[in-house]
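What follows is a short report on a single structure.
The values are calculated or read from the model by the stated rules, or taken from the named source; none is laboratory data. Predicted model only: the values in this text are computed from it and were never measured. Cβ atoms come from the backbone with ideal geometry, glycine included; neighbour counts cover every protein chain shown. Heavy atoms of the whole protein, side chains included, go into the accessibility calculation; ligands, DNA and RNA do not. Shrake-Rupley method; radii C 1.70, N 1.55, O 1.52, S 1.80 Å.
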Amino acid sequence: MDVAIVFLPLVGAILAGFFGRSLGDRGAQLVTSGGLVLAALFSIIVFFDVALGGNARTTELFTWIDSGAFELSWALRVDTLTAIMFCVVTIVSAIVHIYSIGYMSEDKSIPRFMAYLSLFTFFMLMLVSADNFVQMFFGWEGVGLASYLLIGFWYEKPSANAAAIKAFLVNRVGDVGFALGIAGAFLLFGAVQFDVVFGLVEGQADASVSIFGIEAHALTAICLLLFVGAMGKSAQLGLHTWLPDAMEGPTPVSALIHAATMVTAGVFMLCRLSPMFEYAPVALEVVTYVGAATALFAATVGLTQTDIKRVIAYSTCSQLGYMFFAIGVSAYSAAMFHLMTHAFFKALLFLGAGSVIHAMHHEQDMRKMGGLYNKIPVTYALMWIGSLALVGFGIPGVTGFAGFYSKDIVIEAAYAAESAAGGFAFWIGIVAALLTAFYSFRLLFMTFHGRPADQHAYEHAHESPRVMVWPLYVLAIGAVLAGAVFYPYFVGDAREAFWGNSLLVLHDIIEEAHHVPFWVKAAPMVVTVIGIALAWLFYIMAPSLPGLLAERLRPLYLFSFNKWYFDELYDRIFVRPAFHLGRSLWKSGDGALIDGLGPDGVASVTRNLAARAGKLQSGYLYHYAFAMMIGVVLLITWYMFRTMG
Amino acid sequence: MSIGADIVAALPELFLAGTAIILLMLGVFMRDISTRSIGLLAVAALAFAGALIYLGDGRGTVAFNGLFLNDGFGDFMKVLVLIGAALTIVMALRGLEQEQMNQFEFPVLLVLATVGMLMMISANDLISLYMGLELQSLALYVVAAFRRDSLRSSEAGLKYFVLGSLASGMLLYGMSMVYGFTGSTSFDVLAQVFASQEDAPSIGLIVGIVFIAAGLAFKISAVPFHMWTPDVYEGAPTPVTAFLAAAPKVAAMALLVRVLMGPFGDLVAQWQQIVVFIALASMLLGSFAAIVQSNIKRLMAYSSIGHVGFALVGLAAGSEAGVRGVAVYMAIYLFMTVGVFAVILAMRVNGRAVEAMDDLKGLSKTNPLMALAMAALMFSMAGIPPLAGFFGKFYVFMAAVEAGLFELAVIGVLASVVAAYYYLRIVKVMYFDEPVEAFDKPVGSELASVLAISTLVIVLFVLIPGPIVDGAATAAEALTSAGR
């Protein structure tokens, strides 16, 4: 069954990709969506079996590489962590597949799109079920490829191509870190299988390694390198610039890849490697700081963006920051919990946004929307649910939306860590919660309330077809219930039996998080309500206020609006010098030097030699005889010198 | 050993020699017998001689007081020579009629040359070596100048004769030096002398070896003794060129291998340098000079120089694997060359022979089958797998690498890359250029069948390598175990 889950999407991708022409649009949609729905059903069964039944296992497929001391197999490692990811990935993917049938109905290359989606799902499942570093890297690169293909799906659009290339290149930076981390792990442990490595970690906890003459704690160095990989894929501060641009892809892609699954690969990887990170406290501290900084940074940028998808993209970035600082304080289970609930409500928000965009005929600028609530009431209600889940709305001690449970446990864990990093993360978590509430409801109010900015578009707005709405209901159920239902298992009393051996925590932070003061538990809720109120004030009560404020605090506004000038900075520091270097290497290095001495040079020398060799043949008999004699003389002379000397 | 046993040992050679005389008589006294009939009889005689070699069990027998040797190596090479000679005579039949050089002496001379080649291969003494070599050469000088009324043909024959005489002189001089320093011309005695010698051979002996090697290198047209090749190939009538390029090359190479590996087998360290040098020079010159050629016969001359260089790489290894490589290479070379010359002989427009590369333009459209066969031959010549030419190169380069001659192998591979250019250019000309005037049809059953046979051998080699590779292995084993 594990094998079926992983390979059904691949089969779908191959069928739709290579035989899409003969299958037709409908056939391609059926094979891919059908495969995914089946995989999702299997995943749920596996989840019950593995996570709740405690039946973790590894299925060996076949030997992949057997070279000297380096030996590894294709194997599917299914434990609780993998089972959760299986469920999240296949369910969201199945929903997105079905949704895409409606959303992409007017596109002219539907089979290609469905094939890419299924291919992505296959790689993602490969990543989460890997039992060794190399297989994980295979999945890791595979999702990167699928992401590239899907961002650039509309390849006629130059902006989509640019975004795809950018995503690919920025991810390369992270991937180099990841690859070096893998190499480091192999160097230190002599193996790449997770089981073997994890068994050796404790013995190597104090090993050190010399990097460029500097003695460093080996495990910390490896973990930091691996974290660089996670930063790239999960769009953490510094390597986040590709994520907002990735919104150039079709909206279902944004929902699946850039919200629910691929971007959480970094979080998953760190959780999977918890036995290593636990012995590298310094690395964990770095993770905390980076995660917290990202949470705040992205939330501030989200405040001022006007593109509906970009707002949600920055929100994703910010929520990923939450997950990372949860990992940083060893609350892996809380991070996974937030990952799971986030997948549901963020996919819901994206697909809801897609529904809005669909209704507005591919208009993404929120300033041109407004008052849509009575035109597309179902979408409106679903967006409410998604937003409430995102801001973590709920009544402490009673119940709440999914995000309420997961975000609170993350923030509480940060407080309970009682370290400088933990405190930093806690306060940032609170501030970011306020900002999250504000920008989420800003989005909601700007889109659905107020006066329509564009009367014509408003009148033509229409509710999406059923094939697009129904999947959203499933997600909405998840966004409402996932928190309450799974709380006991993920971070509640049943957590030890639930997680089994899939996570290693040296110091049970979750237990402490349950015993934090009441004000800590209440604080996120309080700031959330304040945030919502502020949004209401700014965008319903006094719509002139935002403009006024932006005028007054112009530098701050611009700073946020321009995304802290990261893109401009990178452009100046990396992109332009790289272009310059590339151009000069091309012109002088490749053109003049390599081509000159290489292909062109060799060819012209060959021609030259050939012409000369041809001229040797003079046609005169005595020349020929002379050549023969000279040949003999040369040979004999050479022997004379050799024997004499 | 009784005279009867001697005759049995040399039966194929004696039979062919007798046949040549009989054919000559037939031609002289039966006025109305056609050249074609004589030619066909000659081919039948060659086939019969081949059967005699195949059936004869004279392995390792020495005859005529040690002058003549029969062994597995000789058998393999002789069969190759006979196949080459037979196929080229078949091809020549129609060419002779078309070129108005329809004289019965032609097949007779070729049979005599073949007898010489067989004797060369079986030589076990410097004197019998020289005998065979001269018999072969004299016959070939005559056929090269067979079109007496053509200036080019006469010039080619004359050049070949003068330079060949020079080479013979060198050979004889070298032999006399060797005789002077060892006191014997017998291969067996020479081998014993060198095997028992403790210290390095004297400089005089080395001079002798260099001269012998030079004389033989002339026959295989290795650089720098190759100068005659392009001129003679171009000038001689095409049927003669086809013959020159095939059987005599195999025979001369076999002779060179036998002399160097046999009597001089213990002096590998001395002659290896010479062979490496001429192999390198031949490969490089063959590859580079061919690029600028536009006449396809001249191109084939440089091509054969290059191929000889590649085969010598195997000899340079000086090992059993090397000899096997040479034997495989020469066998494959023989079929490739015969095939290509079948195409060249078919290059006739309006009853006139053409030999420029441009005349092949668009052959794929005017004669797709012939173009396909030619393309297969060219790819094989360039050494592209899975065609036979690749394996020929593979065996010799493997032997060189095993013997530690890495530089030689690397340069050889590079040279074959350069050579690939002009082979593939012919394919390009045939397939991608606009067609020019089509060749005359039909090309004749002789040419078609020879072309088909050689192409099949080249293409099917990868599936059925046994006959050539196993035969070559047996030959190499016989030579190296007999010589030591």
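Please report how far the C-alpha centroid of segment A:314-354 lies from that of segment A:258-274, rounded to the nearest whole angstrom.
So the two Cα centres are separated by 10 Å.
Tell me, which residues of segment B:211-245 get at least 50 Å² less accessible area when the other protein chains come in, versus the chain alone (1.4 Å probe)?
B:Phe225, B:Met227
Probe radius 1.4 Å, ligands and nucleic acids left out: can you give me the accessible area buried at the B-A interface, summed over both chains, in Å² to the nearest hundred?
2600 Å²
Give me Rg over Rh for chain A, both radii from the alpha carbons and Rh done the Kirkwood way, two decimal places.
Taking Rh as the inverse mean 1/r over Cα pairs, Rg/Rh reads 1.10.
Run the numbers on segment B:280-296: which residues show a drop of 10 Å² or more in accessible area, chain on its own versus all protein chains together, using a 1.4 Å probe over heavy atoms?
Relative to the lone chain, where solvent access is computed with a 1.4 Å probe, segment B:280-296 loses at least 10 Å² at B:Leu285, B:Phe288, B:Ala289, B:Ile291, B:Val292.
Under a point-charge model restricted to the Cβ atoms of Lys and Arg (+1) and Asp and Glu (-1), what is the dipole moment magnitude of the protein assembly as shown relative to its Cα centre, in debye to the nearest 20? Present the calculation step by step, with values, prior to reporting the outcome.
Values: 58 positive and 74 negative charges, 564 e Å.
With only Lys, Arg, Asp and Glu charged at Cβ, the dipole is about 2700 debye.
Taking the Cα centre of the protein assembly as shown as the origin and placing charges on Cβ (Lys, Arg +1; Asp, Glu -1), which of A:Thr341, B:Thr337, A:Gly213 is farthest toward the positive end of the dipole?
Positive-end residue among those listed: B:Thr337.
Using a probe of 1.4 angstrom, how much of the accessible area of segment A:35-127 is carbon and sulfur, in percent?
Percent of accessible area from carbon and sulfur atoms in segment A:35-127: 61.
So what is the relative contact order for segment A:273-561, in percent, with contacts set as C-alpha pairs under 8 Å and at least six apart?
27 percent
How large a share of the accessible area of chain B, in percent, is made up of carbon and sulfur atoms when the probe is 1.4 Å and the other protein chains stay in place?
Carbon and sulfur together cover 67 percent of it.
Would you mind working out the magnitude of the charge dipole of segment A:273-561 relative to its Cα centre, with +1 at each Lys and Arg C-beta and -1 at each Asp and Glu C-beta, to the nearest 20 Debye?
940 debye
Among the GluC sites (Glu not before Pro) within segment A:420-525, which fall in a DSSP loop and have no more than 16 other Cβ atoms within 10 Å of their own Cβ?
Qualifying residues, ordered by number: A:Glu463.
Once the dipole of segment A:273-561 is set up with Lys and Arg at +1 and Asp and Glu at -1 on Cβ about the Cα centre, which of A:Tyr473, A:Ala353, A:Tyr279 lies farthest towards its positive end?
Result: A:Ala353.
Taking Cα pairs under 8 Å and at least six residues apart, what relative contact order does segment A:270-365 come out at, in percent?
Relative CO of segment A:270-365 lands at 30 percent.
Quick one: dipole size for chain B, taken about the Cα centre, charges +1 on Lys/Arg Cβ and -1 on Asp/Glu Cβ, in debye to the nearest 20.
Around 900 debye, computed over chain B.
Using a probe radius of 1.4 Å on heavy atoms only, what accessible surface per residue do you get for chain B? Whole Å² is fine.
35 Å²
Starting from the amide H of A:His449, placed 1.01 Å from N in the peptide plane, find each other amide H under 5 Å away whose residue is 5 or more places distant or on another chain.
Distant-sequence amide H within range of A:His449: A:Gly371, A:Leu372.
In whole percent, and with a 1.4 Å probe on the protein chains, what portion of the accessible area of segment A:273-561 is carbon and sulfur?
Result for segment A:273-561: 67 percent of the exposed heavy-atom area is carbon or sulfur.
Towards the positive end of the charge dipole of segment A:273-561, with charges on Cβ (+1 Lys, Arg; -1 Asp, Glu), say which of A:Ala453, A:Thr436, A:Ser464 has the farthest Cα.
Checked the options; the winner is A:Ala453.
Give me Rg/Rg_expected for chain B, where Rg uses Cα atoms only and Rg_expected = 2.2 N^0.38 Å with N residues.
Cα-based Rg divided by the globular estimate yields 0.92.
Just to confirm my numbers, what's the Cα centroid distance between segment A:439-462 and segment A:146-206 in Å?
Comparing the Cα centres of segment A:439-462 and segment A:146-206, I get a distance of 40 Å.
With respect to the cross-link table entries B:Lys361/B:Lys393; A:Lys108/A:Lys346; B:Lys393/B:Lys428; B:Lys249/B:Lys393; B:Lys219/B:Lys297; A:Lys166/A:Lys309, which display a Cα-Cα separation exceeding 20 Å?
Pairs exceeding the cut-off: B:Lys361/B:Lys393; A:Lys108/A:Lys346; B:Lys393/B:Lys428.
Using the Kirkwood radius over Cα pairs, work out the Stokes-Einstein diffusion coefficient for the protein assembly as shown at 37 °C and 0.692 mPa s, in µm²/s as a whole number.
Value of D from the Cα-based Kirkwood radius: 92 µm²/s.
From Cα pairs below 8 angstrom and at least 6 apart in sequence, can you work out the relative contact order of chain A, rounded to a whole percent?
That works out to 12 percent.
Separation of segment A:52-127 and segment B:61-93 by C-alpha centroid, Å?
68 Å
On average, how much accessible surface per residue is there in segment A:273-561, in Å², for a 1.4 Å probe, leaving out ligands, DNA and RNA? Intermediate values should be presented prior to the final figure.
Numbers: 10430 Å² over 289 residues.
So segment A:273-561 comes to 36 Å² accessible per residue, rounded to a whole number.
Could you state the per residue volume, in Å³, of the convex hull enclosing the Cα atoms of segment A:87-213?
Working: hull volume 14.4 nm³, N = 127.
Looking at segment A:87-213, the number lands at 114 Å³ per residue.
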